[in-house]
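Novice: Before we start, here is the structure in question, set down as C-alpha cells.
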C-alpha cells in the first residue's frame, strides 16, 4: 500500500491528512516514519472522539485532553518511550497547524514527556544510536550534512569542537585528521557509512554558498563554519525523529562510541587512543598504538563498521 493511499484511509481528519501529506512531500519522511506518525495521530483522534472532540477542531482541544491521552496510554501499559514518541507526534501536528496558520492553539504546550527510566544516563544504547544515524532526513543538502555530522560524532567518537573544527581536506582515504585538545593531532578511522555520507555531503556543499575562502567541512546556511550550538540543534532534531525521548548532545554520542566499542570487545587502551585521551601523552601505563593496529580494533568492534555487525 502506498503512503498516499494509507494516509487517505486513516481516521485523522482533514487536518491530519494534510499534516501527513506535508511530512511526505515537503519533509521527505520515509514510509515507516509516516506510518508511525499516522498511527500516533489516529490513536489520539480515537481518544478525542470519546470526549466528543476532533482534530479538525483544534481550538477545542485542551491541555487536559493531551494529558488524558497520555494517562490512557499509561493505563494500557504502553511503555514510557512509546508514550513520549506519541506525544512528540501530537506536538508536531499542532506545530504544523501553527506553521500553516491554520491554528495558533497548542494544547501540548507545557505538557512534559513521561519521566524515563535512566538505565544509561550518559549515553545511548546501540539501537538508539543507529536510529539517529538512520533518521528519516530529506535527501537534500541539509539532510546530507546533518547525517554526515552525526555519523562522524558517533562513528569516530569526536568531540563536538573537533567535528565542527574539521576542514574539507581533513577527511581522506577512510580516516579523519583531528586536531584535539592542546593542539594534538590524531588520525581516527571512519566507518564506511560515515565516509559515504561525508562524500555525498561534499558533493552538495557548494549549495550552501560557502563564503570566500571557507575551508570548513560543515557549514551553516550563511556559508560559514557550523558552530557548536547549531550542531547540537541538529542532533536533537535527529533524536526527535528517531523517537529518543530526551535531549541528546554531542558528548552523549562520544560516550556511546566508547561504551559500544568496549562492550563489543575493544581493549581500553585502543579506545582511549581513538578518543585522543590526554593521559596517553603523560603516562607510560598506556601503549601508543599505531594507526594500522587501531584500524583493526575499530573494524572489529564498532557497530557501524563493516566487520562490526552482529552475527545472526
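Each value in this text was obtained by applying a stated rule to the coordinates, not by laboratory testing. These numbers were taken from a predicted model, which means no experiment stands behind them. Counting neighbours? That spans all protein chains shown, and the Cβs are built from the backbone with ideal geometry, glycine included.
Novice: GNM, the chain, Cα, under 10 Å: largest mean-square fluctuation among 174, 165, 16?
Specialist: Looking only at 174, 165, 16, the biggest GNM fluctuation is shown by 174.
Novice: Kindly state, to the nearest 0.05, the FRET efficiency for residue 111 paired with residue 263, given R0 = 30 Å and r defined as their beta-carbon distance.
Specialist: Details: r = 35 Å, r/R0 = 1.17.
Result of the calculation: an efficiency of 0.30.
Novice: Give, in nm to one decimal, the length gained when the segment between residue 140 and residue 26 is fully stretched (0.36 nm per residue of separation minus the Cα-Cα distance).
Specialist: 39.9 nm
Novice: Further question on the same structure: Test of understanding: what is the full-extension gain from residue 65 to residue 204, defined as 0.36 nm times their sequence separation minus their Cα-Cα distance?
Specialist: 45.6 nm
Novice: Related question: Can you give me the distance in nm between label points at residue 126 and residue 300, each placed 7 Å from the Cα along the Cα-to-Cβ direction?
Specialist: With each label point 7 Å from Cα toward Cβ, the separation is 1.6 nm.
Novice: Of the listed values [x] 26; [y] 23; [z] 37, grab the one calculated as percent of Cα pairs over 32 Å apart from the structure here.
Specialist: Checked against the structure: label [z].
Novice: Here's a follow-up. Would you mind calculating the relative contact order of the chain from Cα pairs under 8 angstrom and at least 6 residues apart, reporting the percent as a whole number? Before the final figure, lay out each step's value.
Specialist: Numbers: 402 pairs, mean separation 50.0, N = 312.
Relative CO of the chain lands at 16 percent.
Novice: If you don't mind, another one. Between residue 79 and residue 167, what is the FRET efficiency for a Förster distance of 41 Å, r being their Cβ-Cβ separation, to the nearest 0.05?
Specialist: The value I calculate is 0.40.
Novice: Taking 0.36 nm per intervening residue step and subtracting the Cα-Cα distance, what contour gain separates residue 46 from residue 222 on full extension?
Specialist: The span from residue 46 to residue 222 would gain 59.0 nm if fully extended.
Novice: What 222 nm value per residue comes from the helices of the chain, counting each DSSP H run with n ≥ 4 as -39,500 (n - 2.57) and dividing by all residues, nearest 500 deg cm²/dmol?
Specialist: -16000 deg cm²/dmol
Novice: Further question: Which whole-number percent is the relative contact order of the stretch 3-99 (Cα, under 8 Å, 6+ apart)?
Specialist: Across the stretch 3-99, relative contact order equals 30 percent.
Novice: Once you've got the GNM for the chain with C-alpha springs shorter than 10 Å, pick whichever of 229, 237, 76 has the biggest mean-square fluctuation.
Specialist: Answer for the Gaussian network model of the chain: 76.
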